[in-house]
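Participant: Take a look at this one; I'll ask things after.
The values are calculated or read from the model by the stated rules, or taken from the named source; none is laboratory data. None of these values were measured; they are calculated from a predicted model. Ideal geometry is used to build each Cβ from the backbone, glycine not excepted, and the neighbour counts take in all protein chains shown. Side chains are part of the model used for accessible areas, which takes the heavy atoms of the whole protein and leaves out ligands, DNA and RNA. Shrake-Rupley method; radii C 1.70, N 1.55, O 1.52, S 1.80 Å.
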Amino acid sequence: MCGIVGYIGNRESQPILLEGLKKLEYRGYDSAGIAVFTEQGLEITKTVGRLANLEGRLSGDPLRGTVGIGHTRWATHGKPSDVNSHPHTDNTLKFSVVHNGIIENYLELKEELMHKGHRFLSETDTEVISHLIAVEYEGDIVKAVQRAVSKMRGAFALGVLTEYEPDKLVAVRYASPLIIGVGEGEKYIASDIPAILEHTRDIYILNDGEMAVLTRDSVQLMTIEGNLISKEMFHVDWDLMTAEKGGFDHFMLKEIHEQPKAYRDTMRGRMSEDGRSVVLPELKMTPDMLRGFKRVHIVACGTAMHAGLVGKTVIEQLARVPVETDVASEYRYRSPIITPDTLVIVVSQSGETADTLAALREAQRCGARVLAITNVVGSSVAREADDVIITLAGPEIAVASTKAYTSQLIAFYLFGLYWAQANGTKNEAEIAHILAAMESLPEQVEKILAQAEVLKGVAESISRHSSLFFIGRGIDYAVALEGSLKLKEISYIHSEAYAAGELKHGTLALIEEGVPVIALMTQEELYEKMLSNIKETKARGAHVLGIINEGSEGETAKSVDRQFAIPRTLPILTPALSVVPLQLLSYYASLALGHDVDKPRNLAKSVTVE
Ligand code: AGP
């Protein structure tokens, strides 16, 4: 995820901006840049790669001045490159902008501006913002920003400078975080607290739809419509480590809590304005080509593979195309039957997993078209695949994948619906119904997160056991696999995930007095069958936690020892909710056992060896 820092004061801004950006390095980025008012005017230096590259460029030719903005970019629109890096400017070079977020209608706006003669240098949505502000400027930067923002749809945190008003720094927040730091004779903006913590602990946290106008001696807060507001200053008493984790104890917990945002970001701009269809402009394959695929192979590793298992059900149910799933390390050694009408989908958070990359290359060698679902623009997988759907989970730092997995689910829902549109296997009303349910998911996840304390207690009791089982049927089984992997990797407790109906064919022998069983029971048409399977385990002494749908508590209470209800959604969408309590259970179990939650033993975040 991108990082923003801005400074207006009496000290040299370049070192403050660079230090601030360094404090945001832990979030991951692919390029960086700064803009400073110098004696020559508004000057920009930016470059792809590490901050050290930027420092290298600036060391010979520093930007001297006391007002500036800086940015680290995590590519979303356009590959990582010098020209795509921020800050961006307009054709007059009088305005400069740093931006976090996504402008959904940037192509529309860009076309309009091009008709008026504007020339664009980058592939980014952000460059459009600087042009738009320049067009709207009539002597008042605040009004120009407000007018420009009123034309933009999407998510944006902005830092804006103009050479015409060199004693002002304008900040805007809409669905992307931004804070204002207050010091004596100097003010700051930042996307995250760590960037400015060294200089001030007094901050204003902007809410969506708010903006701030900073001078050296004042902060004026207002809505983006221009109505003045006042708000309480927040005094930060966190240390740097806590600030990096947004006040959470671990990155994993922070990332679990970031899921509602990751869902919204991954869906943003991919539903038509009337909510009745999916739009995936990033796909190079046409609906006609899509109709030509008669089967699908989904290939991935670990958690990404578990997302693929949900993807299988999603594509089969929505688009009615048969899907095979494979772990990437097996795929290319089993001579997969790849015909010209096979679409291969690879899924990878990092886009650098060696097994997945090798499978992608093998599929292409055999003539398949490859679609990648990945979280990293510019990664090897993203570069080599024929089509890419980027998940917008933002950088995931904890080794245990959480928000990347759930964003992959969202990508599968969108793609499955898109394919259903092309195949005509779902009508417009059915698609609109599913999209409406998807839009409720972020809020529903928030409801689950609000009950984290309940799960903490359950996790503490689980942590006293040496082995447990996750069971489910249908799509719940795919989630059971993910729940089990999560628990194993960070708590080191042995667990197995089983298709509930399969237990009686052998594994039931392992169930004895007190063994914890976590039963996923969200699929109504399989509910009765699940109850029978749960009875089989209870008869052998299992202690069962049911993950159920809200409203079925009364009925289920007779069959399980404990239950945790998730908000109701459509059966196909339940994985996006039911996995959240399992993530929290693993987190709290690991915590109770005193393990290193974010860096579990023997594991790496990105596995670049076969
Ligand atoms: C998940 O918690 C694991 N860290 C692991 O299974 C991971 O999902 C797998 O290594 C694949 O990584 P990728 O998504 O970056 O390709």
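Participant: Semi-axes of region 1-68's equivalent ellipsoid from the Cα gyration tensor, sqrt of 5 times each eigenvalue, largest first, rounded to whole Å?
Facilitator: 19, 13, 9
Participant: Ranked highest first by average number of other Cβ atoms within 10 Å, how do 28-37, 239-248 line up?
Facilitator: 28-37, 239-248
Participant: Between Glu512 and Val327, what FRET efficiency follows from the Cβ-Cβ distance if R0 is 30 Å, with the result rounded to 0.05?
Facilitator: Calculated transfer efficiency: 0.45.
Participant: Right, here's the next one. Rounded to two decimals, what is Rg over Rh for region 2-241 when you use alpha-carbon atoms and the Kirkwood radius?
Facilitator: With Rg and the Kirkwood Rh in hand, the quotient comes to 0.93.
Participant: Still on this model: Just by accessible area at a 1.4 angstrom probe, what is the order of Lys403, Lys94, Lys529 from largest to smallest?
Facilitator: Accessible-area ranking of Lys403, Lys94, Lys529, largest first: Lys529, Lys94, Lys403.
Participant: Turning to a different aspect of this structure: Which whole-angstrom value gives the distance between the alpha carbon centres of region 62-96 and region 1-42?
Facilitator: A separation of 10 Å, based on Cα centres.
Participant: With everything on Cα atoms, drop me the angle between helix 302-319 and the longest principal axis of the chain, reported from 0 to 90° to the nearest 10.
Facilitator: The angle comes out near 80 degrees.
Participant: Take the Cβ-Cβ distance between His433 and Asp237 as r, set R0 to 45 Å, and report the resulting FRET efficiency rounded to the nearest 0.05.
Facilitator: 0.45
Participant: Under 8 Å for C-alpha pairs, at least 6 residues apart: give me the relative contact order for the chain, rounded to a whole percent.
Facilitator: 11 percent
Participant: Tell me the relative contact order for region 439-561 as a rounded percent, counting alpha carbon contacts under 8 Å between residues six or more apart.
Facilitator: The value is 23 percent.
Participant: Next up: So how compact is region 220-296: Cα radius of gyration and Dmax in angstrom?
Facilitator: Values for region 220-296 (Cα only, Rg and Dmax): 21.2, 59 Å.
Participant: Right, next: For a quick protection proxy, order the peptides 112-123, 207-218 by their average other-Cβ count within 10 Å, most packed first.
Facilitator: Top of the packing list down: 207-218, 112-123.
Participant: Could you tell me the largest-minus-smallest coordinate of the C-alpha atoms of the chain on each of the three principal axes, in descending order and whole angstroms?
Facilitator: 79, 54, 45
Participant: Between helix 126-136 and the chain, what is the angle of the helix's C-alpha long axis to the longest principal axis, kept within 0 to 90° and rounded to the nearest 10?
Facilitator: Taking the Cα atoms of the chain, the angle to 126-136 is about 40 degrees.
Participant: Quote the relative contact order of region 2-241 in percent (integer), defining contacts as alpha-carbon pairs under 8 Å separated by 6+ residues.
Facilitator: Relative contact order of region 2-241: 20 percent.
Participant: Considering only DSSP states other than H, G, I, E and B, which trypsin sites (Lys or Arg not before Pro) in region 52-81 qualify as loop sites with at most 16 other Cβ atoms within 10 Å?
Facilitator: Here the sparse-neighbourhood loop sites are Arg64.
Participant: Still on this model: Based on the Kirkwood radius over alpha-carbon pairs, what is the Stokes-Einstein translational diffusion coefficient of region 286-441 at 25 °C with 0.890 mPa s viscosity, in µm²/s?
Facilitator: The Stokes-Einstein estimate is 159 µm²/s.
Participant: Calculate, for Tyr492 and Arg365, the FRET efficiency according to 1/(1 + (r/R0)^6) with r their C-beta to C-beta distance and R0 45 Å; round to the nearest 0.05.
Facilitator: That gives a FRET efficiency of 0.70.
Participant: To the nearest 10 degrees, how steeply does helix 354-365 sit against the main Cα axis of the chain, on a 0 to 90 scale?
Facilitator: That helix lies at roughly 90 degrees to the long axis.
Participant: Give me the percent of DSSP beta bridges within the chain that run antiparallel, rounded to the nearest 5.
Facilitator: Among the beta bridges of the chain, antiparallel pairing accounts for roughly 60 percent.
Participant: Follow-up. What is the Cα centroid distance between region 141-211 and region 424-502, reported in whole angstrom?
Facilitator: 38 Å
Participant: Considering every pair of different Cα atoms, what Kirkwood radius, in Å, is found for region 452-592?
Facilitator: 14.6 Å
Participant: Here's a follow-up. When the accessible area of the chain is split by element with a 1.4 Å probe, what percent falls to carbon and sulfur?
Facilitator: Carbon with sulfur: 49 percent of the solvent-accessible area.
Participant: Something else now. Report the full-extension gain for the segment Leu228 to Lys143: residue separation times 0.36 nm, less the Cα-Cα distance, to one decimal in nm.
Facilitator: Gain in length upon complete extension: 29.3 nm.
Participant: Taking N as the number of residues in region 106-214, what value does Rg over Cα atoms divided by 2.2 N^0.38 Å take?
Facilitator: 1.13
Participant: Per DSSP H run of n ≥ 4, the term is -39500 (n - 2.57); total these for the chain, divide by its residue number, and report the mean residue ellipticity at 222 nm rounded to 500 deg cm²/dmol.
Facilitator: After summing the helix terms and dividing by residue count, I get -11000 deg cm²/dmol.
Participant: Under a plain spin-label model, where a point goes 7 Å from the Cα along Cα-to-Cβ, how far apart in nm are Glu111 and Ser461?
Facilitator: Label-label distance for Glu111 and Ser461, simple model: 5.9 nm.
Participant: For Lys538, give me every one of the lysines with a C-alpha distance below 17 angstrom, ignoring sequence neighbours fewer than eight places off in its own chain.
Facilitator: Lys504, Lys529, Lys558
Participant: Write down the accessible area per residue of the chain in Å², having rolled a 1.4 Å probe over the full set of protein chains.
Facilitator: Here the residues of the chain average 38 Å² of exposed surface.
Participant: Under a point spin-label approximation (7 Å from Cα along Cα-to-Cβ), what is the Asp167-Thr215 distance to one decimal in nm?
Facilitator: Going from the Asp167 label point to the Thr215 one covers 0.5 nm.
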